[in-house]
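Notes to accompany the following structure.
The values are calculated or read from the model by the stated rules, or taken from the named source; none is laboratory data. Note that the structure is a prediction, hence the values are computed from the model and not measured. We place every Cβ from the backbone using ideal geometry, glycine too, and count neighbours over all the protein chains shown. Ligands, DNA and RNA are excluded from the accessible area calculation, which covers all protein heavy atoms including side chains. Shrake-Rupley method; radii C 1.70, N 1.55, O 1.52, S 1.80 Å.
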Amino acid sequence: MKMEMQMENKGNGRAPVSQKPHKIELPLHPEYIGGSVKVQINEKEIIVPLGTTILEACKKNNIHIPTLCHHDDLCIAGVCRVCVVEIENMRTLQASCAFPITAPIKIKTATPMVRKARKNIIDLLISEHYGECYSCFRNNNCELQSLAKEYGVDHYNFGHVQKPRFKIDNSSYSVVRDMDKCILCKRCVRTCIDLQEVGVLEAIGRGDSTHIGTFFDKQLSDVICINCGQCINRCPTGALRANDPRDEIWRAIDDPKKHVVIQTAPSPRAAIGEEFGLEAGHSMTGELNTALRRIGFDKVFDTNFTADLTIMEEGTELILRLYNALVKSENLNKIPQFTSCSPGWVKYLEHFYPQYIDNLSSAKSPQQMFGTLIKTFYAQEENINPADIVTIAVMPCSAKKFECNRPEMVDSGFKDVDFGLTTRELAQMIKETGIFLPELPKSGFDEPFGEASGAGLIFGATGGVMEAALRTVVELVTGKKVENLFENANITPVRGFEGIRYVELPIEEVGDVPEMYKKYFSNWNWLKGATLKVAVAHGTANAKKVMENIKAGGIFSECHFIEFMGCPGGCIGGGGQPIPTNAEIRAKRAEAIYKEEEGLPIRKSHENPHIAYIYENFLTDGPCGHKSHELLHTKYIKRGEYIA
Amino acid sequence: MLVFEKTSLAKEIEQLIEKYGNSRSSLLSILQEIQANHRYISDYAQQEIARHLCIQPVEVYSVISFYAFLNSEPKGRNIVRICKTISCDMKNKMSIVKAVERELGIKIGETTSDNKFTIEYTNCLGLCDEGPAMAINERVFTRLTPQTAVENLHKVVG
Amino acid sequence: MKKPKVRNGKILFSEYTLGEGVRKALTLSREDILFEIKDSKLKGRGGAGFPVSTKWMLGAAAIAERKYIICNADEGEPGTFKDRVLLVEYPELVFEGMVIAGYAIGAKFGILYLRGEYEYIRKSLQDFLELMRKENLLGKNILGKEGFDFDIKIHLGSSAYVCGEETALIESLEGHRGEARNRPPYPVNTGFRGMPTSVNNVETLSCVPHIILNGGNWFKNFGTEKSTGTKLFSISGDCEKPDVYEWEWGITIAEMLEKVGAKNTKAVQIGGASGICIPKSQFNRKIAYEDIPTGGSIIIFDKNRDMLKILKNFMEFFVEESCGQCTPCRIGNTKLLEGVKMIENEKYTFAYLDKLKDLGKTMQIASKCGLGQSSPNSFISILENFKDEIFYHENGDANGK
């Protein structure tokens, strides 16, 4: 009764053939003849499937080979030459990340020749790397630094560059580029062109004047960068970083006149433990609240509250759009409805598919809704002058820094959210005050927004927004409990990490119309027997596939609601999350979120009593009413396809 | 760029796409033709080509910046390229360079104010037995003396 | 066709009529052709010296919907101009070689990658291809052979020396930057557009019609045991008769110098900027795979030349022409050039130069493609063979050390 379809997430669409994972015709079973090869690595005999690269074979057998340009998420490059190994009967050293094993060869990973070659290469990289470690934000978390330590580099063998060659590009609100620290590993290029299919960065020039640049070497704010920050997560050095507002935040905290309020999102809470040495997958919600108060924030709020509010607004908007399309046959072009809480995705659509702007939900993202509420509702209730309130949002996202600076985000009369802070930067602030996060006692959030449902919490993982919306919409329309349709209210068909997921939900029975919708319709009969078609896509490469399918009139053009996330993995893989990142880490973070959510007492947005309170006392016109539209909804603008 | 220049350039690119096809492997041929006609490939042209080939403009810009004969910045109508590799160097290319610089009043890398000439160095032209050699646009001139080099400049324009 | 210049040579510069090679080849089977090439022990003439028969047999064995023959006419090596002579004066040899190659491995498409500096030859080559199509040496059912179609397109480069490397050439054809690929997979398995591709030098393909006409065994009569046949040498520099000559492999440097009228020679650069520099004391060495192999570029320096300036010219060439993707070549060449400048300004230490020589050895084994692997050759050989002149400022001509 439920149809599911899942498509592969191949981020290697644009890579040249020799850099894609090698595809060799394998017989059905690797143990059959021709399926595996026996190779000798460091005098140890190992059997591997045909076509495995030497690096993969070594990883599986706990043999260490250092790498620099290799990344699990990205296609093969083979440009740094750090991972070279010696193969018997071959004069030159081969890059182990790129060499597929197709014959029984003898490999040695640590001969004197290899060691000397690696040392020379690291010396070369350091000789051109301008910038001191102690004033770099990647100090202690830098791959070049670790490699230099591993190979015992303690002086400049080939001299050292004395003057910077490039100017720092900090024109963008989100991503700052310092090309003097770049080691030309091309990870950012492969991320932007192959993984995200946006295409802002590429290698420019030839020979020693090669550098990574944009179209005509313009600054980032002038090109179509969507601020997703995936390049920052994958850069091995400090060449790419997020725009850091810590100094201004410290100033606000130290200013006694300012009332500094902070909202935290679920994804940073699931990942911030990694910055303190914990393994991925420990959610630190309670500990983080304690830490934030000790640092000096006046109030700590839970973004999940406005996530619930977003569900109410967006869910109502969806129902109204369906009503207009199915019953009144107007505004048919507004279906399918796209989620709008991912600012990277929103900017992507504004650049590449501006003709579909009407499909975007006009509801703001939870962060922005909160900013507006704080400077209106909260300021009123607590009798504080909104001009003295400073709102800060802790997000896993680098694009949120751009979002809070969008000129239309001033519905409260002031800048709704003053600063966007990433997980990494918050961890840095906590460390500066000498606090060790994992050992703190837990505490709760502040009123009046304290309670949030589990539906708001799962926003962090891909499929979370969809699941939260479905829990509410299904219950309000069918009148039945979600637990009757999906075990434990976990709508598993929309979960997972496949690039694009498609689910059909038939609505067989309908219930009564809830009180807040009675002014719009008297019954749900117009939905009886309909099938709700929804889809989930994460990463802009998959978003592109879905949009092209919609343009061509394919299966997704008949969907009603599609969740798009700009970053692979959803927000837990966002551009502000701890470095490094890979598929395993993202899966663990998502697991932490789902586990934390299952233990909560309230798991659906419409059951949250504080949401009811807001609608009764402040947003008295109800969801999508006049006041909601003023404060909680926004507009989008068409942007150029090539230049910003 | 003026509007009519843009529309004629767009039309030219459309014709080139028809001639060479709209897959990525026709990129170099298209860029070479535009370079031959206009002596440089403007940012508008790069965006148009990117649109037709379904790639991003930065990828077109990256390819242009890699090859020495393709430029993104405007150059003179006649690009004079003097070989600086060893065989021509041994046959006294510096005197040729100085003669050309003197005659045109500019240094290597610059363009004359009337946009007629740009002088550049280039690497081995494959005329090592007939050095020193220089190329003006696609034509090559060999066994140069300072006198004949300057005569060739006028020959091309005249 | 009347040739502009009369040249003497035993194989390539000998008598040949248009169409002879293809006609004879089509009477043989594909396996016969592969056998003849194997028998002849023909090696690539571009400088790498890879056995042609191995390449073609792998290409023939590959199963794919399309295969390509690419003729590498991107000769950018300083001092090389033999391919220009072949393309201008003997295009029939080159193109027929491509047709025979296509027949042998089962390809229908041929591409001539012509370097951008040779744009002035393109028209005459296109006219020649038209002539060949009229004679049914190209097109469908060539010379009546049912099912054998082959045609050639000319593709121009845009001045990048690194595109002479076969995988960088294929990348350039595909519309990317000319950056070398990871090998394996090799182009004979995964080449242009992922299809089996055989990339051969102009001179290699020109030898093929002669081998087919006279047999692989005949070819082995020339040259030496390991280097069969003849080689085209592009001689330039300080000599009376700089030109392209065809001589058998195994000729000594001294013999060569005499034939071209070189006097008071101090050094000979064999193999262009990526080759080695031979001092006078070693002029009795042979040019062959047994001793010094080469792509044919010979540059002659007499006693008045400053070896350090020559080295600087070579290193500047490499710094500019490196594609810039892999670390050892991009930064390594810059460091080597810095080292040369340090010697020029007398601000060096022998300890640092030893470090640079070590770096050169690393570049030779760790670089991604042939450019980085061979650019330290001239650095190491000139500093080694001419150290008296460079470091001790002794006049290098009397003892030739």
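For this structure, a couple of remarks:
- The per residue volume of the convex hull around the alpha-carbon atoms of the range B:3-66 is 75 Å³.
- Rolling a 1.4 Å probe over the protein heavy atoms of the range C:230-302, with every protein chain left in place, gives an accessible area that is 45 percent carbon and sulfur.
- Folded to 0 to 90 degrees: helix A:343-352 orientation relative to chain A principal axis, Cα: 80
- Solvent-accessible surface (1.4 angstrom probe) belonging to residue A:244, in square angstrom, nearest 10: 50
- Residue C:349 paired with residue A:512, simple spin-label distance in nm, labels 7 Å along Cα-to-beta-carbon: 9.2
- Exceeding the 19 Å Cα-Cα cut-off - candidates A:481/A:528; C:67/C:140; C:55/C:145; A:431/A:595; A:181/C:312; A:186/B:75: C:55/C:145; A:431/A:595; A:181/C:312; A:186/B:75
- Burial ranking of peptide ranges A:200-208, A:147-155 (average Cβ count within 10 Å, highest at the top): A:200-208, A:147-155
- Ordering of C:88-94, C:140-146 by burial proxy (mean other Cβ atoms within 10 Å per residue, highest first): C:88-94, C:140-146
- Zero-based 10 Å bins, Cα pair distances in the range B:28-158, whole percents: 12, 40, 29, 15, 4
- Degrees between helix A:303-326 axis and first principal axis of chain A (Cα, 0 to 90, nearest 10): 70
- Pairs of Cα atoms farther than 14 Å apart, the range C:1-45, %: 66
- Rounded to 0.05, the FRET efficiency of the residue A:160 and residue C:304 pair, given R0 = 45 Å and the Cβ-Cβ distance, is 0.70.
- When the C-alpha to C-alpha distance is required to be over 21 Å, the pairs from A:604/A:635; C:259/C:280; C:341/C:387 that qualify are A:604/A:635.
- Per the Debye formula on identical point scatterers at the alpha carbon atoms of the protein assembly as shown, with no solvent, log10 I(q)/I(0) at q = 0.05, 0.06 Å⁻¹ is -0.41, -0.58.
- Entries of A:334/A:551; A:38/A:59; C:82/C:361; A:119/C:335 with Cα pairs more than 22 Å apart: C:82/C:361
- Residue-span extension gain [residue C:24 to residue C:124] - 0.36 nm each, minus C-alpha spacing: 33.4 nm
- Residue mean of other protein chain beta carbons inside 10 Å, C:186-195: 2
- To put it simply, the accessible area of the range C:2-219 at a 1.4 Å probe is 52 percent carbon and sulfur.
- Label point at residue B:110 placed 7 Å out along Cα→Cβ; residues across the range B:65-102 whose backbone nitrogen lies under 12 Å: B:101-102
- Burial of 40 Å² or greater, the range A:73-87 residues [accessible area, probe 1.4 Å, versus chain by itself]: A:79, A:81
- With a Förster radius of 60 Å applied to the beta-carbon distance between residue C:387 and residue C:31, the computed FRET efficiency rounds to 0.65.
- For chain A, the spread of Cα coordinates along the three principal axes comes to 81, 63, 48 Å, biggest extent given first.
- Principal semi-axes in Å for chain C [√(5λ), Cα gyration tensor, largest first]: 38, 24, 18
- Against the rule of thumb 2.2 N^0.38 Å, how large the Cα Rg of the range C:230-302 comes out: 0.94
- In summary, the range C:307-391 shows an alpha-carbon radius of gyration equal to 1.00 times the 2.2 N^0.38 Å reference for compact globular proteins.
- Chain A, relative contact order in percent, only Cα pairs under 8 angstrom and at least six apart counted: 17
- Each of residue A:382 and residue A:616 was given a label point 7 Å from its Cα along the Cα-to-Cβ line. The distance between the two points is 2.3 nm.
- Sequence of C:24, C:241, A:604 when ordered by accessible area, the most exposed leading, probe 1.4 angstrom: C:241, C:24, A:604
- Each chain gives up part of its surface: A and B jointly bury about 1600 Å² of accessible area, both sides summed, for a 1.4 Å probe.
- Distance between modelled label sites at residue A:61 and residue C:131, nm, 7 Å Cα→Cβ extension: 6.0
- Between the Cα long axis of helix A:285-295 and the first principal axis of chain A there is an angle of about 90°, rounded to the nearest 10.
- Mean partner shielding of peptide C:286-299, defined as the number of other chain Cβ atoms within 10 Å of each residue Cβ, is 1.
- 1.4 Å probe, heavy atoms, protein only - residues of the range C:341-380 losing at least 40 Å² accessible area vs chain alone: C:355, C:358, C:359, C:362, C:365, C:366, C:368
- Per-selection Kirkwood Rh - the range C:2-219 (Cα, Å, 1 d.p.): 17.2
- Counted charge near residue A:610, where neighbours are those whose Cβ lies closer than 9 Å (Asp, Glu -1; Lys, Arg +1): -3
- Shielding value for C:65-77 is 1, the average number of Cβ atoms from other chains within 10 Å of each residue's Cβ.
- Volume per residue that the Cα convex hull of the range A:350-389 spans, once the total is divided by residue count, Å³: 89
- Legend: calculated FRET efficiency, residue A:408 to residue C:146, from the Cβ-Cβ distance at R0 = 60 Å, rounded to 0.05, equals 0.25.
- Interface burial for C against B (accessible surface, 1.4 Å probe, total of both chains, Å², rounded to 100): 3100
- Just the protein heavy atoms count here, and of the accessible area of chain A at 1.4 Å, carbon and sulfur take up 50 percent.
- The per residue volume of the convex hull around the alpha-carbon atoms of the range C:107-232 is 150 Å³.
- Put simply, chains A and C cover up around 3300 Å² of each other's accessible surface, both sides summed, when a 1.4 Å probe is used.
- Burial annotation for the range C:134-172: residues with an accessible-area loss of at least 50 Å² between the isolated chain and the complete set of protein chains, computed on heavy atoms with a 1.4 Å probe, are C:158, C:159.
- Residues of the protein assembly as shown: accessible area per residue with a 1.4 Å probe, Å²: 38
- This model, with +1 at the C-beta of Lys and Arg and -1 at the C-beta of Asp and Glu, gives chain B a dipole about its Cα centre of some 340 debye.
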